[in-house]
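Structure, as structure tokens:
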Amino acid sequence: MADQKNTEKKTPFDKRPQMGVTTIAEAPDAHRNEKVGKVVSTKMEKTIVVEVEMRRAHPKYKRVIKSNKKFYAHDEAGVAHMGDVVRIRETRPLSKLKRWQLKDIIQRSSLTQVEDTVTAAAE
């Protein structure tokens, strides 16, 4: 009889129901910061430099001020070219400067399209 009582008391440590906990890999991209900018450099391997233009009103004078900031983004396949408008998303630190990853290319540069036609004609 004493053994029966001991077995009944053995329950999982956490009695609360699981509240749909997701791991980092399963988490949706909604919490990741995204930015849209123009590719200004592709000279490094698997890395692009994206310049994002930010506009904000001056706190005192209310004049709209443009400021540019460059972000280093990881481009695994090397599909982005100079002048492309791309979307980048925040990710874990990949190197000293890289904290962004290429998500998709919004608009191809006209220079890229001209280069593709020239190489196709040469072949």
Residues within segment 70-103 that are basic (Lys, Arg), over 10 Å from the mean Cα position of the chain (by Cα) and either closer than 14 Å to residue 45 by Cα or surrounded by 15 or more Cβ atoms within 10 Å (Cβ to Cβ) (or both), tallied: 1
Filter segment 58-69 down to the residues that are among the charged types (D, E, K, R) and not in a loop (DSSP other than H, G, I, E, B), then identify the one that is surrounded by the fewest Cβ atoms within 10 Å (Cβ to Cβ). 66
Counted residues in segment 104-114 being surrounded by 11 or more Cβ atoms within 10 Å (Cβ to Cβ) and among the hydroxyl-bearing types (Ser, Thr, Tyr) come to 2
For segment 92-114, indicate whether the set of residues that are part of a loop (DSSP other than H, G, I, E, B) and among the β-branched types (Val, Ile, Thr) is non-empty. no
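Just so you know, all these numbers are worked out from the coordinates, no wet-lab data involved. If you're wondering where the values come from, they're calculated on a predicted model, not measured in any experiment. Every residue, glycine as well, gets a Cβ built from its backbone with ideal geometry; the counts of neighbours run over all protein chains shown.
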